[in-house]
Amino acid sequence: MRPFTYERARSPAEAATAVARQPDSKFIAGGTNLLDLMKLQIETPAHLIDVNGLGLDRIEATPEGGLRIGALVRNTSLAADERVRRDYGVLARALLAGASGQLRNKATTAGNLLQRTRCPYFYGTAQPCNKRQPGSGCAAIGGVTRQLGVIGTSEACIATHPSDMAVAMRALDAVVETIRADGTARRIPIAEFHRLPGETPHIETAMARDEFITAVTLPPPIGGRHVYRKVRDRASYAFALVSVAAVVQRDGTGRVALGGVAHKPWRVEAAEAELPRGAKQAMAAILDGAQPTHDNAFKVTLAERTLASVLAEARG
Amino acid sequence: MRVNGDVRAIQLDTRTTLLDALREHLQLTGSKKGCDHGQCGACTVMVNGQRIYSCLTLAVMHDGDAITTIEGLGQPGNLHPMQAAFVRHDGYQCGYCTPGQICASVAALEEIKAGVPSHVTADLMAMPQVTAEELRERMSGNICRCGAYSNIVDAITEVAGRQA
């Protein structure tokens, strides 16, 4: 790890101000992803701002009937919350499908959204990577790509976003609340929060440099059957090859978001009209325009079959 | 920090992980460094009662926290029930992962008791039960290179039964 200085922020505004003041500074919350990357010198912040003491660890009902999840609510606490288990089952299921018990006890809601890709070429510091070193190229393209993206990819990057939680939040139309150093707050729909790689894959979210996540809000419950199905190489403690977050209503309509296939949770609202016609039609529309590699073309078939299984479960 | 009940004041480089603080500065070498990247579970300790990977957190982030390591659970002659059960059920071979396995399993049973569901819990609204399937899922963050898994599940099951 490179040397760094450390401070504890006392308020969200103070945290945003601190990160704006010091170049090469970063927030640290759970730290489970950041410290791993710092040990590998993929992340080399000169200054860390510890935001754990800010009291953003509550889950509150919103006046609209939804939930406001503090940025620092741990993944375990969020999955165990009775309201989440009852009304947002797809989110509880997605959280529980991710990582391990030890990691979920540390990992935070905001940190989960901001975690970096697990692309092996991002981790392999001897290889070029446009995320790690903008402009250096992408060693993944033409490399071993079994785990990597099949849609929304670019000439510069074919990495995927690794979160399970964010996939469920995309299906639930969550909104990310932030604050900046000058005190301005805004609400970013999760659909706009994560970016596609394009020519600047190192810019992964819509956040400004001095922007700090304070909470994630969920709209009022939408009912329906909630299913999160994650397909991976091990039964537990592995990242998704493909995952499907679905909320399916009695009449067969519903919402579907995919994990493991793109640089962001992948959802195509227009394609959801096809859901009552079955998985084949729906997934063809959701993954329309996919450009898989030789190694990961199986993900397209796997996504369709996983959706078929999810729809069968939801209707059963 | 309060480590195994004792207040320990230490000055550290900001880069020091909780694991290195315990092992290298407080001479509590029961917690093991396996992968040092949060993949193996050998470094598992409890912070304020919750299991975490001590290799993926900075010591400076735990000012004032209560840390429990394997040394705090039990000692030779005064074993924690989980330690004794691991011995009885042959829940290890080389023993390197064992402190992490034991800390993780003690905390995992507390999580079940608190109603925290898991990936394999069929009904999210029901109290989770101690089953082999639940224990395998909940202990998936601890790798045993020797493959003592089935005996580890037996040991944890016995302790859970006694607690019930």
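Screening residue A:71 with (1) crowded, with 23+ Cβ neighbours inside 10 Å; (2) over 20 Å from residue B:61 (Cβ atoms); (3) more than 12 Å from chain B (Cβ to nearest Cβ) gives one miss only, at (2). Here A:56, A:35 are screened, and the one residue that is within 11 Å of another protein chain (Cβ to nearest Cβ) and either at negative phi or open to solvent by less than 20 Å² (accessible area, probe 1.4 Å) (or both) is A:35.
The single condition among (1) touching a helix residue (DSSP H, G or I) at 6+ places or on another chain (Cβ under 9 Å); (2) buried (at least 22 other Cβ atoms within 10 Å of the Cβ) that residue A:16 does not satisfy is (1).
Output the residue which, of all residues in region B:57-69 that are open to solvent by 20 Å² or more (accessible area, probe 1.4 Å) and out of contact with any Lys or Arg (no Cβ under 6 Å at 6 or more places or on another chain), is farthest from residue A:52 (Cα to Cα). Result: B:68. For region B:39-56, the condition of being in a loop (DSSP other than H, G, I, E, B), open to solvent by less than 30 Å² (accessible area, probe 1.4 Å), among the aliphatic types (A, V, I, L, M) and under 30 Å from residue A:5 (Cα atoms) holds for at least one residue.
Screening region B:108-160 for residues that are hydroxyl-bearing (Ser, Thr, Tyr) and in a loop (DSSP other than H, G, I, E, B) and picking the one that is farthest from the other protein chains (Cβ to nearest Cβ) gives B:131. Any residue at all in region B:75-92 that is within 14 Å of chain A (Cβ to nearest Cβ) and aromatic (Phe, Trp, Tyr)? Looking for residues that are within 14 Å of chain A (Cβ to nearest Cβ) and aromatic (Phe, Trp, Tyr), one finds none in region B:75-92, hence no. Would you confirm, using the coordinates I've provided, whether residue B:52 is closer than 25 Å to residue A:77 by Cα, in contact with a helix residue (DSSP H, G or I) (Cβ under 7 Å, 6 or more places away or on another chain) and facing another protein chain (nearest Cβ under 10 Å)? Criteria met by residue B:52. Within region A:130-178, the set of residues being outside any loop (DSSP other than H, G, I, E, B) and either closer than 20 Å to residue A:228 by Cβ or not charged (D, E, K, R) (or both) comprises A:165, A:166, A:167, A:168, A:169, A:170, A:171, A:175, A:176, A:178.
The condition (being in contact (Cβ under 8 Å) with a residue 24 or more places away in the chain, under 25 Å from residue A:64 (Cα atoms) and part of a loop (DSSP other than H, G, I, E, B)) is satisfied by just one residue among A:221, A:292: A:221.
Every residue, every condition in (1) among the small types (Gly, Ala, Ser); (2) under 15 Å from residue A:98 (Cβ atoms), yes or no:
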position: A:215; (1), (2): yes, no
position: A:221; (1), (2): no, no
position: A:228; (1), (2): no, yes
position: A:231; (1), (2): no, yes
position: A:241; (1), (2): no, yes
position: A:252; (1), (2): yes, no
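Out of A:104, A:116, A:58, A:74, report the one residue that is charged (D, E, K, R) and either touching a Pro at 6+ places or on another chain (Cβ under 9 Å) or under 21 Å from residue A:246 (Cα atoms) (or both). Residue meeting the stated conditions: A:116. Identify the residue in region A:82-97 that is touching a Pro at 6+ places or on another chain (Cβ under 7 Å) and more than 9 Å from chain B (Cβ to nearest Cβ) and, among all such residues, is least open to solvent (accessible area, probe 1.4 Å). Out of the qualifying residues, it is A:88. For region B:74-90, check the following and say yes or no: at least one residue is closer than 19 Å to residue A:92 by Cβ and either modelled with pLDDT of 95 or more or open to solvent by 60 Å² or more (accessible area, probe 1.4 Å) (or both). So far as region B:74-90 goes, no, none of its residues is closer than 19 Å to residue A:92 by Cβ and either modelled with pLDDT of 95 or more or open to solvent by 60 Å² or more (accessible area, probe 1.4 Å) (or both).
Looking only at residues in region B:91-107 that are touching a residue at least 40 places away in the same chain (Cβ under 8 Å) and not in a helix (DSSP H, G or I), which one is surrounded by the fewest Cβ atoms within 10 Å (Cβ to Cβ)? Only one residue tops the list, namely B:94.
The values are calculated or read from the model by the stated rules, or taken from the named source; none is laboratory data. Being a predicted model, the structure only gives us computed values, none of them experimental. Heads up, the Cβs are rebuilt from the backbone with ideal geometry, glycines too, and the neighbour counts pull from every protein chain shown. Only protein heavy atoms, including side chains, enter the accessible area calculation; ligands, DNA and RNA are left aside. Shrake-Rupley method; radii C 1.70, N 1.55, O 1.52, S 1.80 Å.
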